[in-house]
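Here is the structure we will look at.
The values are calculated or read from the model by the stated rules, or taken from the named source; none is laboratory data. Predicted model, so just to flag it, every value in this text is computed and none were measured. Don't worry about glycine lacking a Cβ; one is built from the backbone with ideal geometry, like all the others, and counts go over all protein chains shown. The accessibility values were calculated without ligands, DNA or RNA, using every heavy atom of the protein model including side chains. Shrake-Rupley method; radii C 1.70, N 1.55, O 1.52, S 1.80 Å.
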Amino acid sequence: MKKIFITIALSIITVINCHAQSTHTSEFVKISLPNGVYKINKQQVDALPGRLKLQTKSKTDYSPPYNYKADNILVSFFNVNQDSIHNDLARTKRFNDDGYGVLKKYNNNTYTSVIKNTGNKQILVVNYVLHNKGYYSFYIQNEAKTLTQAGRMEYPEADAAKAETLLTEIINNIQFTK
């Protein structure tokens, strides 16, 4: 009887935790993430199907430190940038446009990038599809243009609508705390 009670209690706790709303927080930002989004660690990210592990001689890890998963969508956040170089969205857009221009060379016309204003935030959104996998890179800047939260999303091409909805929720729910 005790084992049944413990099993039921643990099942209830697991269900509650899996459906609880997550919040991404760092020193300068708070983002309420939708239900069903949960945090994963670097080892879990590396173990995802279709992930390539790059071997480099550099000891520096350039992967995002904050990773979340929602169904088949991987959402990653970098640390908030405070320097003026990374807070120049027009420059970042030109850099991305130049770098991803190679896609057109290989007849991949899926690349788009746009800077838009939403409320008191300025946002750069980069999107493209490669090998049936969609990618978003996003840069959300505070009103004073002193802080930028960068992130990225990877998703199966079939989940493009879900990924776009999730990105919209992230943009709408971000709060800069400084």
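What are the ³J(HN,Hα) couplings of the stretch 98-115, residue after residue, when phi is run through the Karplus curve with 6.51, -1.76, 1.60 and θ = phi - 60°? Round to Hz, x for glycine and proline.
These are the phi-based 3J(HN,Hα) values: 5, x, 8, x, 4, 4, 5, 4, 9, 6, 9, 9, 8, 5, 9, 8, 8, 9 Hz.
Step through the residues of the stretch 66-71 one at a time and calculate ³J(HN,Hα) from phi using the Karplus curve (6.51 cos²θ - 1.76 cosθ + 1.60, θ = phi - 60°), rounding each to whole Hz and writing x for Gly and Pro.
Coupling constants for the stretch 66-71: 10, 10, 9, 10, 9, 6 Hz.
So with the 1.4 Å probe, I'd like the accessible area per residue for the stretch 94-178, rounded to whole Å².
I get 56 Å² per residue for this part.
Provide the packing ranking of 141-154, 103-116, 77-90, i.e. peptides ordered by the mean count of other C-beta atoms within 10 Å per residue, highest first.
Ranked from most to least packed, the peptides come out as 141-154, 77-90, 103-116.
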